[in-house]
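The values are calculated or read from the model by the stated rules, or taken from the named source; none is laboratory data. Just so it is clear, the structure is predicted and the values come from calculations on it, not from any experiment. Neighbour counts run over all protein chains shown; Cβ positions are idealised from the backbone, glycine included.
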Amino acid sequence: MRLLQIILVAFSVALVVSDAQADTLTGSYSGFVFPTPVFGRQYFDFGNFFGQGPNANLGGERISGTFTYNPAGATTQVCDPGGASVCTNYFGVMDTITATIDGHTVSSTGVQISALTLTNHEMAGEGTEFGLNATNEAQGLDIGIVVRTFSNQFSINPLDPNSPDFSVHNPDEFIGQLFFTDPALNSGFNFTITRFAVEPQHRRDTAVPGPIAGAGLPGLIFAGGGLLGCKRYCAPTL
């Protein structure tokens, strides 16, 4: 199942080429692997990419990663209902997401899917959301990360893909997924996101650390076990 693949038939959309001035944004996340492989997969990591053996139980292992994206040349998809100022998807962003467990790192640079989704609180019941997906069949990986708040832990302007600039501990809702796309591996898992940060890359080396929004609040996986908020973002496994 691909985390941020849009079900187009569920929403009327308008596709235009984005002419927004592009910047490279960078970020990081951390959390813990869920106690069982994702539904429909037998193994966490049958290919042993994380170095703990092909049948290792990765449940509870700490996971962390980094990501970058640049929206230059991306195609925008405006959600309806709502409009561009409420929810906008950016397809074709130049993005890379990494994941590290126990010193072993895997990386996916978006090819088959490279999508950024930005939603603000004006969409009823949806909260404010940042979502990024990178799927690369040649690298054998599909990685997706989503954080969402209903309590103003962070803010986003969906009209501007360069606007995300925040840090948050224990976001109100989250989803992290890593799938190995080779069917022979039958592997993949969900993970929590307990810390998340994103900012323009040109400021990263000069920024002064500030307070973390939402620190101390209990983060929740999307209700129903990890594959939630799929009204716009999920499609059946292909």
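For Asn89, state whether it is touching a residue at least 40 places away in the same chain (Cβ under 8 Å) and under 20 Å from Ala197 (Cα atoms). In short, yes.
Every residue, every condition in (1) in contact with a Leu (Cβ under 9 Å, 6 or more places away or on another chain); (2) among the charged types (D, E, K, R); (3) assigned to a loop (DSSP other than H, G, I, E, B), yes or no:
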position	(1), (2), (3)
Ser108	yes, no, no
Leu118	yes, no, no
His121	no, no, yes
Glu129	yes, yes, no
Ala134	yes, no, no
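Only residues that are free of Cβ contacts under 8 Å to residues at least 60 places away in the same chain, of a type outside the set (Ser, Thr, Tyr) and closer than 15 Å to Asn89 by Cβ were counted in segment 109-125, giving 5. Residues in segment 168-184 that are of a type in the set (Val, Ile, Thr) and closer than 17 Å to Ile143 by Cβ: Ile175, Thr181. Restricting segment 126-153 to residues that are surrounded by fewer than 22 Cβ atoms within 10 Å (Cβ to Cβ) and at pLDDT below 95, the residue that is farthest from Leu116 (Cα to Cα) is Ser151. A search for C-beta distances below 9 Å between a residue of segment 137-148 that is on the phi > 0 side of the Ramachandran plot and any residue that is at pLDDT 95 or above and surrounded by 17 or more Cβ atoms within 10 Å (Cβ to Cβ), counting only pairs 6+ apart in sequence or on different chains, returns Gly140/Phe49; Gly140/Val106; Gly140/Ser108; Gly140/Phe180; Gly140/Thr181; Gly140/Leu185.
Looking at segment 90-102, can you tell me whether even one residue there is over 29 Å from Ser155 (Cβ atoms) and modelled with pLDDT of 95 or more? Yes, the conditions are met somewhere in segment 90-102.
Just give me the residues in segment 72-95 being in contact with an Asp or Glu (Cβ under 8 Å, 6 or more places away or on another chain), part of a loop (DSSP other than H, G, I, E, B) and either of a type in the set (A, V, I, L, M, F, W, C) or crowded, with 22+ Cβ neighbours inside 10 Å (or both), in sequence order.
Going residue by residue through segment 72-95, those that are in contact with an Asp or Glu (Cβ under 8 Å, 6 or more places away or on another chain) are 82, 85-87.
Filter again for part of a loop (DSSP other than H, G, I, E, B), leaving 82, 85-86.
Answer for segment 72-95, where residues must be in contact with an Asp or Glu (Cβ under 8 Å, 6 or more places away or on another chain), part of a loop (DSSP other than H, G, I, E, B) and either of a type in the set (A, V, I, L, M, F, W, C) or crowded, with 22+ Cβ neighbours inside 10 Å (or both): just Val86.
Applying the criterion of being among the polar types (S, T, N, Q) and in a loop (DSSP other than H, G, I, E, B) to the residues of segment 1-51, the residue that is modelled with the lowest pLDDT is Ser12.
I need the full set of residues from segment 154-180 which are in contact (Cβ under 8 Å) with a residue 60 or more places away in the chain and either crowded, with 24+ Cβ neighbours inside 10 Å or part of a strand (DSSP E or B) (or both), in order please. The answer is Pro158, Pro161, Phe174, Ile175, Gly176, Gln177, Leu178, Phe179, Phe180.
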